[in-house]
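**Student:** Okay, handing you the structure first.
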Amino acid sequence: MADDTATTTEGAPAAATDERRAALLAVFAEHLGNALLQSHIKPGQGLWIRVATTAWPEAAAVARDKAGLRFFDFLSAIDWLPSPYGRCEDSSVDVPFPPPMPDRSAAVPGYAGGDTRIQVLASLAKAGTDQRVLLKADVSDDDPRIGTWVNTYAGAAWHEREAHEMFGISFDGNADLRHIYLPSEFEGHPLRKEFPLLARVVKPWPGIVDVEPMPGGDPEDDAAEEGAEA
Amino acid sequence: MTLTDAQQLGYINAQAADGRINVELETDDGMVLNMGPQHPATHGTLRLVARLDGEQVISADVMCGYMHRGYEKLCEVRSYPQVTTLVNRIDWLGSFANEVPFILAAEQLMEVEAPPRAKWIRTLLFELSRIANVSLFIGDLALQLGAQTPAFYAFRDREFVLNQIESVTGGRFHPNFDRIGGLKDDLPKGWIAETKAAMVRLRAFCDEMEGLVYGNEIFQTRTRGIGIIPPQIAQSYGLSGANLRGSGVDWDLRRDANVGLAYDELDWQVWTHPDGDSFARCWVRLQEVREATKIVDQLCDGLPSGSIMAKVPRIIKVPEGEAYIATENPLGAMGYYVVSKGDTGPFRVKIRSASFNNISIASWLLRGVYVPDIITILASLYFILGDIDR
């Protein structure tokens, strides 16, 4: 409720929500110290915190025991490298296979910054409120590895299995990192950007160039509008 | 070469994970019982490998992935309007509810707000999806305990709700009706009166089920005191929806973190139950269906007039940024973490589905229970396979 108004008005509610998020951030800053690398508050919308890779399990303990965020929402990862295949629907020509890999420097992280291509992302919340924190941590390009959360949040076990198979991130201390969706002999990590979506490589997506006019619609009118928009 | 017991079990689990075998194997100190992927008591293709000592479960392992469709990867090559078609299929019994959080996240990034009428109709369809979804759960619950009749009642009465959804959206199960900035269409003529009549029928259905199923002595014996989840455990596994409220945690995203829907303008209540057992979870769901019919009535009465679409560009490009929106879907909290790079489609979408978290507790919860209770516990956790596997 408060969130809704905060996004649209610039008045008191936005400031109030900010204060709450800033207070939450202060709890993390107090207990994590230098391990809290960067943070980002979007007024009325969210709080992002990036912690040092080594402090990842500690961040979970702080969130649960000091900040009261006992509700484990999800844990996943983001690969910041632009897809070498492009957004298939945009290209009118076949993408060469395998395509040249984009330069590593093309991986630009989002809120709260980052130094590596792949980041771990998790969301924790406090039941009964709208308090929520989105935690991020860098994992190295060559050996993506980070501490486990299963000792703090039991529900992290399955999410870490998923992140392990989808991004190839190892979670130290999680003994059960079997594949959860894919067959056990499956090779590759599907949610990494270099992993091809084969259906699209075999047959290019027709995309916007092939859109048929609506029956009864005026195709010229549509084309004119599209031109104006571009 | 002799295998140790643990090695053998590990081997069987690995084989079972790939769906290669379907075994009932006796070992010296226990028996491995495989349930699924096709089993009358499963909703879709969930597989359970339970290790038994007599009638008691020593350990249970849940195998999923038979319906993994890779939506997170597919979203990366779709444009924003195309994503709703995909995510419709996550929880197929309450499909309109799947579209809403994604659209809200995209709207937050674009700083667009739907007009009031669109918000109200969204909330209407959201609640109708909940009623359609959870009323079927109530019938199915009884079916899993061996009672056939309530399932037919549930299918019969759910049809009234599906008809209403269909007459607005054109789709019984996959409406694809939500748009960034509003909705595809307005309500058809006469719809409000028909919907209110349907809600009367659904309330009668709830009363009927409360007596027929929940008041039944056999049902109570088989669910009360069984499969108890303490509130702290529920939260550490990220359980949501009725599973969390059945453990006494008073948290409903509709009330506590409402974004872009009309709930804060309505008079309704959140139901909780302190027991945390199978009965509590089922009971909370029944109350929520009844509460939802009242919400729908209020929405029908107070529907504001005006436009149903905000001004958005014809070709939607979402500005760079990140947004996470979660809503209280029929199965529990469902959220989308959307990362945009200023393109026509998302750069990365993380789908937080309720059933994935809800079923991840199964290994913990099933330890030590008796075989027949596996069925009631899984039924009371209520999952949709598409919502686990995505």
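**Student:** What helices (runs of 4 or more DSSP H) lie completely within segment B:156-241 and have 1 or more residues being closer than 23 Å to B:GLU328 by Cα? I'd like the intermediate steps shown before the answer.
**Tutor:** Details: elements: B:191-209, B:217-223, B:231-236.
Per the criteria, B:191-209, B:231-236.
**Student:** Contact list please: Cβ distance under 6 Å, first residue in segment A:103-125 and over 16 Å from A:SER76 (Cα atoms), second residue not in a strand (DSSP E or B), pairs at least six apart or on different chains.
**Tutor:** A:ALA106/A:PRO82; A:ALA107/A:TRP80; A:ALA107/A:LEU81; A:ALA107/A:ARG117
**Student:** Among the strands (runs of 3 or more DSSP E) lying completely within segment B:299-390, list those that include at least 2 residues that are within 12 Å of chain A (Cβ to nearest Cβ) and open to solvent by 10 Å² or more (accessible area, probe 1.4 Å).
**Tutor:** On the way: elements: B:321-329, B:332-340, B:348-352.
Result: B:321-329.
**Student:** I've got another one for you. Scan segment B:244-276 residue by residue and report those that are touching a Lys or Arg at 6+ places or on another chain (Cβ under 9 Å), away from chain A (no Cβ under 12 Å) and open to solvent by less than 10 Å² (accessible area, probe 1.4 Å).
**Tutor:** Matches in segment B:244-276: B:GLY246 only.
**Student:** Follow-up. Applying the selection to segment A:126-142, what residues are open to solvent by less than 50 Å² (accessible area, probe 1.4 Å) and within 18 Å of A:ASP79 (Cβ to Cβ)? Can you show your working first?
**Tutor:** Residues of segment A:126-142 that are open to solvent by less than 50 Å² (accessible area, probe 1.4 Å), as a first pass: A:127-139.
Result: A:LEU134, A:LEU135, A:LYS136, A:ALA137, A:ASP138, A:VAL139.
Let's see how each residue does on (1) at pLDDT 85 or above; (2) assigned to a loop (DSSP other than H, G, I, E, B); (3) closer than 30 Å to A:TRP56 by Cα:
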{"residue": "A:SER92", "(1), (2), (3)": "no, yes, no"}
{"residue": "A:VAL95", "(1), (2), (3)": "no, yes, no"}
{"residue": "A:PRO99", "(1), (2), (3)": "no, yes, no"}
{"residue": "A:GLY110", "(1), (2), (3)": "no, yes, yes"}
{"residue": "A:THR116", "(1), (2), (3)": "yes, yes, yes"}
{"residue": "A:LEU121", "(1), (2), (3)": "yes, no, yes"}
{"residue": "A:ALA127", "(1), (2), (3)": "yes, yes, yes"}
{"residue": "A:ASP130", "(1), (2), (3)": "yes, yes, yes"}
{"residue": "A:LEU134", "(1), (2), (3)": "yes, no, yes"}
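**Student:** Follow-up question, since we're still on this one. Go through (1) within 19 Å of the chain's Cα centre (by Cα); (2) at pLDDT below 80 one by one and return the number of the condition A:HIS40 breaks.
**Tutor:** The failed condition is (2).
**Student:** Limited to segment A:65-78, what total is found for residues that are at the interface with chain B (Cβ under 8 Å from one of its Cβ atoms) and either in a loop (DSSP other than H, G, I, E, B) or at pLDDT below 90 (or both)?
**Tutor:** In the first step, residues of segment A:65-78 are kept if they are at the interface with chain B (Cβ under 8 Å from one of its Cβ atoms); the result is A:70-74, A:76, A:78.
Checking which are either in a loop (DSSP other than H, G, I, E, B) or at pLDDT below 90 (or both) leaves us with A:70.
Qualifying residue count for the region: 1.
**Student:** Next question. Quick one: is B:THR376 polar (S, T, N, Q) and within 29 Å of A:TRP48 (Cβ to Cβ)?
**Tutor:** Working: polar (S, T, N, Q): yes; within 29 Å of A:TRP48 (Cβ to Cβ): no.
Criteria not met by B:THR376.
**Student:** Look at segment B:112-168 and say how many of its residues are buried (at least 23 other Cβ atoms within 10 Å of the Cβ) and among the acidic types (Asp, Glu).
**Tutor:** Of the residues in segment B:112-168, 2 are buried (at least 23 other Cβ atoms within 10 Å of the Cβ) and among the acidic types (Asp, Glu).
**Student:** Do the conditions hold for A:ALA23, that is, is it surrounded by fewer than 18 Cβ atoms within 10 Å (Cβ to Cβ), among the small types (Gly, Ala, Ser) and touching a helix residue (DSSP H, G or I) at 6+ places or on another chain (Cβ under 7 Å)?
**Tutor:** Details: surrounded by fewer than 18 Cβ atoms within 10 Å (Cβ to Cβ): yes; among the small types (Gly, Ala, Ser): yes; touching a helix residue (DSSP H, G or I) at 6+ places or on another chain (Cβ under 7 Å): no.
Criteria not met by A:ALA23.
The values are calculated or read from the model by the stated rules, or taken from the named source; none is laboratory data. Since this is a predicted model, take the numbers as computed values, not measurements. Note that we place each Cβ from the backbone using ideal geometry, even for glycine, and neighbour counts take in every protein chain shown. Please note that ligands, DNA and RNA were not included when accessible areas were found on the heavy atoms of the full protein model with its side chains. Shrake-Rupley method; radii C 1.70, N 1.55, O 1.52, S 1.80 Å.
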